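Asker: First the structure, which I've put down as structure tokens, then a few questions once you've had a look.
The values are calculated or read from the model by the stated rules, or taken from the named source; none is laboratory data. Bear in mind the structure is a predicted one, so any value in this text is a computation, not a measurement. Glycine also receives a Cβ, built like all others from the backbone with ideal geometry; neighbour counts cover every protein chain displayed. Ligands, DNA and RNA are excluded from the accessible area calculation, which covers all protein heavy atoms including side chains. Shrake-Rupley method; radii C 1.70, N 1.55, O 1.52, S 1.80 Å.
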Amino acid sequence: MRIDTQRFGTLQINPDELFLFPQGLIGMESLRQWALLPDLDNPAVAWLQSASRGDRAIPVMSPRAFFDDYRVHVTRRELACLHLQVGAEIYVLTTISGHVGRLTTNLRSPLLLNLSRRLGCQVITGDDQPIQAPVPLSKSAQQISVADLVRQAA
């Protein structure tokens, strides 16, 4: 599959490598297929690139790499679209905004990925998480980098 993007140029992606978000993302409900791409300059960051809109790419990160106690509190019903089975592995990502030196991440509306089924959903947590949590730039990502996740998920 060929995707002409603004950020990455022309990409050739195997359709089996795309993640399906059955409900889309908040504010982009009609965009359902997304590629997860590494950021070559920063292993703690990846990009969700829309397969149908080359001008839509969203920077994401693993919140647990920077916020040790971060947990996602949602109902089973909100996870239904992921078609989870016993032992399924869910990966949590959050969107990034801001600029270099002052980045924030949205801990209230994480993206959940079922890696084995290549399904995703965006949820709103049931607890009081910040929408713009400052990313602690001095802390290095101690867990698996998002770039490594992208390689594993491919």
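Asker: Within region 1-31, how many residues are among the hydroxyl-bearing types (Ser, Thr, Tyr) and either within 22 Å of residue 106 (Cβ to Cβ) or touching a Leu at 6+ places or on another chain (Cβ under 9 Å) (or both)? Before you say what the answer is, go through the steps one by one.
Answerer: If we filter region 1-31 for residues that are among the hydroxyl-bearing types (Ser, Thr, Tyr), which is where we start, we get 5, 10, 30.
If we keep only those that are either within 22 Å of residue 106 (Cβ to Cβ) or touching a Leu at 6+ places or on another chain (Cβ under 9 Å) (or both) too, we end up with 5, 30.
Counting residues in region 1-31 that are among the hydroxyl-bearing types (Ser, Thr, Tyr) and either within 22 Å of residue 106 (Cβ to Cβ) or touching a Leu at 6+ places or on another chain (Cβ under 9 Å) (or both) gives 2.
Asker: Just to be sure I understand, how many residues within region 99-115 are surrounded by 15 or more Cβ atoms within 10 Å (Cβ to Cβ) and not in a strand (DSSP E or B)?
Answerer: 6
Asker: Considering only residues that are touching a residue at least 24 places away in the same chain (Cβ under 8 Å) and either among the hydroxyl-bearing types (Ser, Thr, Tyr) or not in a strand (DSSP E or B) (or both), which ones fall in region 27-39? Quick ask: steps written out before the conclusion?
Answerer: Start the filter on region 27-39 by keeping residues that are touching a residue at least 24 places away in the same chain (Cβ under 8 Å), which leaves 28, 31, 34-39.
Selection gives 31, 39.
Asker: Here's something else I'd like to know. Can you find a residue in region 1-8 that is outside any strand (DSSP E or B) and hydroxyl-bearing (Ser, Thr, Tyr)?
Answerer: no
Asker: Here's a follow-up. When residue 67 is evaluated against the numbered criteria (1) over 20 Å from residue 131 (Cβ atoms); (2) out of contact with any helix residue (DSSP H, G or I) (no Cβ under 9 Å at 6 or more places or on another chain); (3) in a loop (DSSP other than H, G, I, E, B), which criterion, by number, is the only one it fails?
Answerer: (1)
Asker: Would you mind stating whether residue 16 is surrounded by fewer than 18 Cβ atoms within 10 Å (Cβ to Cβ) and in contact (Cβ under 8 Å) with a residue 12 or more places away in the chain?
Answerer: yes
Asker: Now a separate question. Any chance you could count how many residues in region 25-38 are crowded, with 18+ Cβ neighbours inside 10 Å and closer than 23 Å to residue 124 by Cα?
Answerer: Final tally of qualifying residues: 6.
Asker: Sticking with this structure for a sec: Quick check on my filter: what residues within region 42-56 are assigned to a loop (DSSP other than H, G, I, E, B) and open to solvent by less than 30 Å² (accessible area, probe 1.4 Å)?
Answerer: Step one: of region 42-56, the residues assigned to a loop (DSSP other than H, G, I, E, B) are 42-44, 51-56.
Residues satisfying the conditions are 44, 51, 54.
Condition check ((1) closer than 20 Å to residue 117 by Cα; (2) surrounded by fewer than 17 Cβ atoms within 10 Å (Cβ to Cβ); (3) touching a strand residue (DSSP E or B) at 6+ places or on another chain (Cβ under 6 Å); (4) modelled with pLDDT under 95) across all residues:
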{"position": "8", "(1), (2), (3), (4)": "no, yes, no, yes"}
{"position": "21", "(1), (2), (3), (4)": "yes, no, yes, no"}
{"position": "40", "(1), (2), (3), (4)": "no, yes, no, yes"}
{"position": "64", "(1), (2), (3), (4)": "no, no, no, yes"}
{"position": "77", "(1), (2), (3), (4)": "yes, yes, no, yes"}
{"position": "82", "(1), (2), (3), (4)": "yes, no, yes, yes"}
{"position": "91", "(1), (2), (3), (4)": "yes, no, yes, yes"}
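Asker: Please tell me if residue 2 is open to solvent by 60 Å² or more (accessible area, probe 1.4 Å) and within 16 Å of residue 119 (Cβ to Cβ).
Answerer: no
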